[in-house]
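As structure tokens, the structure follows; a few thoughts come after it.
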Amino acid sequence: MTVTLLLAIYCCCDGADDPTLGFTEVPLNPSNMVILKPYDVPVDQRYSFINGTHRMWVYADDKPEAPGSNTQPRTEIRIVGLDYSSGVWQFEGHGFVPNGTSGATVAQIHGAAHGNTTLLLRVYAPGEMRYYSSLHVADGLYDRWFRLNMIHDVDGGKVTVFLDGEQKFQYHDQGPGDLFFKCGVYGAPANISYYMESRWRDIKIYRK
């Protein structure tokens, strides 16, 4: 565990910075956002888009995304048409997690050379964000809007997380692969609340 912790770098900055400086925004339209949800319910029973806000929710006993899948319940936005395998890419979005949601992945980078994912950001009670289920990223996320920036330097082999303009976390990635961004709610393998929800607005993708 000591070795694992030494690999993680934490940084709390004195003031907020703009992590998008030096990046170019990539055009993003509704066709780039596909909703993943339990296979046996209509989209509008787990997702809404009102006044620019994507709201996604799921229950612990919901079905997976596809029949026969052994994955946990989810309702997520999957960014399509912007998969990447090299370079430096960035996801930006303003998220909101209501009090009580726990054990839910709210944002992720899917794909890796080793395993299925490069980065999972989960929220646990009482509003703590973690890297997967272990390493601490930030506190105080319940019931407020926060700005999340996830930067993936594929060639450099690292991922960096900013919250509200402050770098909170940096870690090695899991190697190159077919990579893409997701946000929403996806239940962890254990210790999840029965009801999970997150909301997202102003989603943007950048690259160098």
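The values are calculated or read from the model by the stated rules, or taken from the named source; none is laboratory data. Quick caveat, the model's predicted, so the values are computed rather than measured. Every residue, glycine as well, gets a Cβ built from its backbone with ideal geometry; the counts of neighbours run over all protein chains shown. Heads up: the accessible areas ignore ligands, DNA and RNA and are worked out on the full protein's heavy atoms, side chains in. Shrake-Rupley method; radii C 1.70, N 1.55, O 1.52, S 1.80 Å.
Taking springs between alpha-carbon atoms closer than 10 angstrom, which of Tyr131, Tyr59, Tyr194 fluctuates most in the Gaussian network model of the chain?
Tyr194
Suppose only helical runs count, i.e. DSSP H with n ≥ 4. What mean residue ellipticity at 222 nm does that imply for the chain under -39500 (n - 2.57) per run, divided by all residues and rounded to the nearest 500 deg cm²/dmol?
-500 deg cm²/dmol
Quick one: length gained pulling Ser85 to Glu128 fully straight, 0.36 nm per residue minus the C-alpha distance?
The span from Ser85 to Glu128 would gain 12.5 nm if fully extended.
Can you compute the modelled spin-label distance between Val41 and Arg207, with each label point 7 Å from Cα toward Cβ, in nm?
My value for the distance between the label points is 3.5 nm.
So what does Arg144 come to for accessible area, using a 1.4 Å probe and Å² rounded to 10?
Here the residue's solvent-accessible area equals roughly 80 Å².
If you place +1 on the Cβ of every Lys and Arg and -1 on the Cβ of every Asp and Glu, how big does the dipole about the Cα centre of the chain come out, in debye to the nearest 20?
260 debye
Probe radius 1.4 Å, ligands and nucleic acids left out: which of Lys63, Lys182 has the largest accessible area, and how do the rest follow?
Largest to smallest exposure gives the sequence Lys63, Lys182.
Within the chain, what whole-number % of the accessible surface is contributed by carbon and sulfur, with the 1.4 Å probe and all protein chains included in the calculation?
51 percent
Using the Cα gyration tensor of region 108-208, with a ≥ b ≥ c the square roots of its eigenvalues, what is the shape: rounded (a/c below 1.5), prolate (a/b larger than b/c) or oblate (neither)?
Prolate, because a/c is 1.5 or more and a/b exceeds b/c.
Might you tell me the accessible area per residue for region 50-207, computed with a 1.4 Å probe and given in Å²?
37 Å²
Using a cut-off of 11 Å between beta-carbons, work out the net charge of the residues near Ala138 (Lys and Arg +1, Asp and Glu -1, Ala138 not included).
-2
Between Val34 and Ser48, 0.36 nm times their residue separation minus their Cα-Cα distance comes to what?
3.8 nm
All other residues with a Cβ under 9 Å from the Cβ of Tyr84 taken together, and with Lys, Arg as +1 and Asp, Glu as -1, what is their net charge?
Summing Lys and Arg as +1 and Asp and Glu as -1 gives -1.
When N is the residue count of the chain, what does its C-alpha Rg come to as a fraction of 2.2 N^0.38 Å?
0.96
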